[in-house]
Amino acid sequence: MGIFYTLAAVLLFVVLTHHNPLADQTTEMMKKVMASLLITFTCVIFGIFYDTLAVLPRELYQNRKLIWKLAGNDFKKRYAGSYLGMVWAFVQPVVTVVMYWIVFDKVFDTRSQLVAGGVEVPYVLYLTAGLVPWFYFSEAVTNGTMALLEYNYLVKKVVFKISILPIIKVIAATFIHIFFVGVLFVIAVGYGYPPTVYTLQIFYYSFCEFILVLAISYTTCAVVIFFRDLQQIISIALQIGMWATPILWDISMLTDQMKPLFKLNPMVYIVNGYRSAMYEQEWFFEHFYSSTYFWIFTVTLFCIGSLIFKRLKVHFADVL
């Protein structure tokens with residue numbers, strides 16, 4: 001593991017310094033070599049612990065039909081009994097987008113700051129492209145964390161595969177996310193940005209976010225059973241995370257020294273990816289280092305979450 005952290009440190013160093021104008025071709029080659037070595041090393045580690053790490057994906061695949069059925073039921077029952085039903089799932093995010101647009105575009109004129117930073121698209125499109133993935137992230141992580149507590153009666157059943165509960169919550173949040181991606185398309189077309197071949201990347205970035213929130217949920221849902229304060233900590237972290245992610249502002253506003261620090265946030269990759277897919281016309285593989293970092297971070301987090309979940313699940317029924 002020492003080699004892993006050494007490679008990670010070297011890769012992080014070269015990524016943090018890749019904006020240096022004095023960087024030459026040797027440094028560029030070094031970054032690519034270190035990134036490739038780190039990816040290879042990660043694959044080797046995954047291969048060594050394959051039997052342990054593959055248990056969770058295998059269980060999810062074997063119960064895929066049950067997962068889809070329970071996810072649909074979870075989404076429907078959330079608003080059962082209300083007059084508008086599932087409409088409430090879409091009202092709050094839409095109102096939030098409108099409020100942010102009025103406050104930051106009309107009142108504080110954030111649009112002029114974005115133009116100064118090189119962002120030429122309408123602010124409402126820029127804002128929506130950032131808020132759509134963030135709404136998904138926030139809801140999926142929050143609900144995924146509480147999955148085992150909400151379905152505690154299933155956790156106590158010996159024959160039930162409790163490993164499917166977090167992904168049920170994530171998929172239920174995905175249903176709402178699909179609707180808002182559609183809203184994003186409508187806004188983009190309305191402002192003169194029709195779908196192109198680059199728009200297909202929305203599926204890639206949505207998949208990236210799905211895996212990310214799933215990895216986080218398997219860690220948090222297991223820990224929150226033993227440490228209930230985690231729910232409040234996550235709520236505060238999400239509030240801070242929204243402002244630490246370039247949703248209402250653009251990362252170009254930061255100094256060159258600050259940009260690498262904020263890019264350590266994996267949601268920066270997702271938010272920028274949604275904007276690239278909608279109007280910037282850039283392929284994800286053009287951002288080699290960002291993609292490499294994101295997937296190493298996410299896969300590592302998923303492995304850690306799987307191990308934590310497997311280690312603690314034998315105690316779930318006793319604590320609940």
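Which chymotrypsin sites (Phe, Trp or Tyr not before Pro) does the stretch 211-283 hold that lie in a coil by DSSP with at most 11 other beta carbons within 10 Å?
Details: sites: 218, 226, 227, 243, 249, 262, 269, 274, 279, 283; in loops: 226, 227, 249, 283.
Filter output for the stretch 211-283: 226, 227.
Once the piece of chain linking residue 319 and residue 239 is laid out straight, how much longer is it, given 0.36 nm per residue of separation minus the C-alpha distance between them?
Details: separation 80, 0.36 × 80 = 28.80 nm, distance 2.93 nm.
Contour length minus the Cα-Cα distance gives 25.9 nm.
Would you please give the FRET efficiency between residue 161 and residue 253, computed as 1/(1 + (r/R0)^6) with r the Cβ-Cβ distance and R0 = 41 Å, to the nearest 0.05? All intermediate terms of the calculation are to be shown ahead of the outcome.
Values: r = 47 Å, r/R0 = 1.14.
For R0 = 41 Å, the calculated efficiency reads 0.30.
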How many percent of the accessible area of the stretch 201-320 is carbon or sulfur, using a 1.4 Å probe? 67 percent
Let's test this: bin the Cα-Cα distances of the stretch 200-250 at 10 Å from zero up to the farthest pair and state each bin's percent. 21, 38, 32, 8, 0
Label-point gap, in nm, between residue 262 and residue 227 - each point 7 angstrom along Cα→Cβ: 2.9 nm
Just to check I understand the Karplus step: with θ = phi - 60° and J = 6.51 cos²θ - 1.76 cosθ + 1.60, what whole-Hz values come out for the stretch 266-273, glycine and proline as x? x, 6, 5, 4, 5, 4, 5, x
What number comes out for accessible area per residue over the stretch 176-320 if the probe is 1.4 Å? Units Å², please. 48 Å²
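The values are calculated or read from the model by the stated rules, or taken from the named source; none is laboratory data. Just so we're clear, the structure is a prediction, and the values are computed from it rather than from any experiment. A quick note on method: Cβ atoms are made from the backbone with ideal geometry, for glycine too, and the neighbour counts reach across all protein chains shown. Protein only, heavy atoms only, side chains kept; ligands, DNA and RNA dropped before computing areas. Shrake-Rupley method; radii C 1.70, N 1.55, O 1.52, S 1.80 Å.
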